[in-house]
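The values are calculated or read from the model by the stated rules, or taken from the named source; none is laboratory data. On a predicted model such as this, the values are computed, not experimentally measured, just so you know. Backbone-built Cβ (ideal geometry, glycine too); neighbour counts: all protein chains shown. Remember, those area values only see protein heavy atoms, side chains included, never the ligands or the DNA or RNA. Shrake-Rupley method; radii C 1.70, N 1.55, O 1.52, S 1.80 Å.
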Amino acid sequence: MTTSEAERSAMRRALVLAATPGVPLGPNPRVGCVLLDDAGATVAEGFHRGAGHPHAEVEALRAAGDAARGTTAVVTLEPCNHTGRTGPCSEALIAAGVRRVVFAQTDTNPVAEGGATRLREVGIDVEAGLMADEARAVNRTWTFALEHGRPFVTWKFATTLDGRSAAADGTSRWVSSRAARLDTHRLRGLCDTMLVGTHTVEVDDPELTVRDEVDEPVAHQPLRAVMGLRDLAPDRRILNDRAETVHLRTRDPHEALATLFARDRQHVFLEGGPTIARAFLEAGLVDEVVAYVAPMLLGAGSSAVADLGVTTIADALHLHVSDVTVLQGHDGEDTNVRLTMTPTQTQRSS
Ligand code: AOF
Ligand code: ZN
């Protein structure tokens, strides 16, 4: 059987359902499901509301009740085949008498995979891959973490026009404008982990929480992670009770990410200083770069990244720019520019 126009439009709807706002971030993927009858009309819909809640398919089956029999299930992710926090969707679809399953992204999660095979075993017509790229984009970092066995890393920094992140005396407040800082908080809120080094904790004493326009912490806070061998002074703001904090006693980015991955972390927002930035860049562990550039000159002071050992222009690390956004200054504040980039070449592996 080939994909019908009704199935395509149901998949578009399922993608919208998957991305329903308000679903708490991770560790589970966002999934949407639409059940269609023979005529291509929608019988029921469902989406996943976060870890511990029923999967999208089960939501849709429940909403349909007996009407699920003989329908086509259109799902953004291959139905799971395991009993985890909830039961296997493959069995739920079989029990409900679903006749055909069309899904977008294949689930390579080792604990959940095998749904399509199981469904075919009992004679259900299964089609894979419809709008798979769109589905992968909905769960960009979940997919990345699954496929790479480590979290996706966004390195964020703020600099002056001459690439300085701090003045010669070490002061760094405030390079970026209020609008840029607010924007940073928004991006922090899209990650599940913020990472800095022990040096940053000692020198800058950041709280590392996600705060709103009136500087109040939002309800759901990412994990605060500090890496480095040094002990943290107990009075540091990062140790307050506004969010959870973990101290990773290592200087090795691979090891830090492995520990975070073991804790179900999928997206690290790296906000450390020049040394930690260099360590991640040299290890080839930066997947995305977000730079806020302020119209300011210092002429001296530390750079956003420490010496990468590049002595000639041909050896420069190049980045591909995917977005440029102007953050307009208000009330006499500077206008800042945000650049979103990806490294175009893999750096030497350490
Ligand atoms: C979801 N929602 O709608 C679907 C998922 O932690 P569990 O037991 O709920 O299982 C999570 C895995 O189940 C998840 O990583 C994915 O592989 C599969 N499908 N998960 O959270 C859903 N369909
Ligand atoms: Zn499932």
Flagged in the stretch 215-237 as over 20 Å from residue 190 (Cβ atoms) and assigned to a loop (DSSP other than H, G, I, E, B), in numbering order, are 228, 229, 230, 231, 232, 233, 234, 235, 236
Only one of (1) within 24 Å of residue 302 (Cβ to Cβ); (2) at pLDDT 95 or above does not apply to residue 137, and that is (1)
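Say we look at the stretch 145-158 and pick out the residues that are open to solvent by 30 Å² or more (accessible area, probe 1.4 Å) and more than 16 Å from ligand 2 (Cβ to nearest atom); which of these is farthest from the chain's Cα centre (by Cα)? Show your work before the answer.
Step one: list which residues in the stretch 145-158 are open to solvent by 30 Å² or more (accessible area, probe 1.4 Å), which gives 146-150, 156-157.
Checking the rest, the ones that are also more than 16 Å from ligand 2 (Cβ to nearest atom) come to 147-150, 156-157.
Details: 147: 13, 148: 13, 149: 14, 150: 12, 156: 14, 157: 18 Å.
Residue satisfying both the conditions and the ranking: 157.
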Over the stretch 79-108, the set of residues crowded, with 16+ Cβ neighbours inside 10 Å and within 8 Å of ligand 1 (Cβ to nearest atom) is 79, 80, 82, 86, 89, 107
Those residues of the stretch 8-33 which are closer than 15 Å to residue 75 by Cβ and within 11 Å of ligand 1 (Cβ to nearest atom) amount to 14, 17, 18, 28, 29, 30, 31, 32, 33
Per the filter on the stretch 222-278, residues touching a helix residue (DSSP H, G or I) at 6+ places or on another chain (Cβ under 7 Å), within 15 Å of residue 153 (Cα to Cα) and among the polar types (S, T, N, Q) are 266
How many residues of the stretch 43-78 are within 8 Å of ligand 1 (Cβ to nearest atom), of a type in the set (Val, Ile, Thr) and in a loop (DSSP other than H, G, I, E, B)? The answer is 0
If we ask which residues in the stretch 178-213 are over 25 Å from the mean Cα position of the chain (by Cα) and either crowded, with 22+ Cβ neighbours inside 10 Å or basic (Lys, Arg) (or both), their number turns out to be 0
- Message: So, residue 290, is that one surrounded by 18 or more Cβ atoms within 10 Å (Cβ to Cβ) and part of a strand (DSSP E or B) or not?
- Response: yes
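Condition check: away from ligand 2 (no atom under 12 Å from the Cβ) and buried (at least 21 other Cβ atoms within 10 Å of the Cβ). Does residue 26 satisfy that?
yes
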Q. Is it the case that the stretch 257-266 has a residue that's in contact with a Gly (Cβ under 6 Å, 6 or more places away or on another chain) and either in a loop (DSSP other than H, G, I, E, B) or at pLDDT 95 or above (or both)?
A. yes
Does residue 53 satisfy the criteria of being within 15 Å of ligand 2 (Cβ to nearest atom) and open to solvent by 10 Å² or more (accessible area, probe 1.4 Å)? yes
Residue 116 meets each of (1) outside any loop (DSSP other than H, G, I, E, B); (2) out of contact with any strand residue (DSSP E or B) (no Cβ under 9 Å at 6 or more places or on another chain); (3) within 16 Å of ligand 1 (Cβ to nearest atom) with one exception, condition (2)
Does at least one position in the stretch 210-233 carry a residue that is in contact (Cβ under 8 Å) with a residue 40 or more places away in the chain, of a type in the set (Gly, Ala, Ser) and under 22 Å from residue 342 (Cβ atoms)? no
The lone condition residue 150 fails out of (1) charged (D, E, K, R); (2) touching a residue at least 12 places away in the same chain (Cβ under 8 Å); (3) in contact with a strand residue (DSSP E or B) (Cβ under 7 Å, 6 or more places away or on another chain) is (3)
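Filter the stretch 144-166 for residues that are in contact with a Gly (Cβ under 6 Å, 6 or more places away or on another chain) and at pLDDT 95 or above and give the result.
164
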Q. Is it fair to say residue 269 is over 22 Å from residue 162 (Cβ atoms), buried (at least 18 other Cβ atoms within 10 Å of the Cβ) and in contact with a Lys or Arg (Cβ under 6 Å, 6 or more places away or on another chain)?
A. yes
Residue pairs within 6 Å by beta carbon, gap of at least six or interchain, first lying in the stretch 281-306 and more than 17 Å from residue 196 (Cβ to Cβ), second open to solvent by 50 Å² or more (accessible area, probe 1.4 Å) and of a type in the set (Gly, Ala, Ser), listed first then second, are 282/350; 284/349; 300/168; 301/168
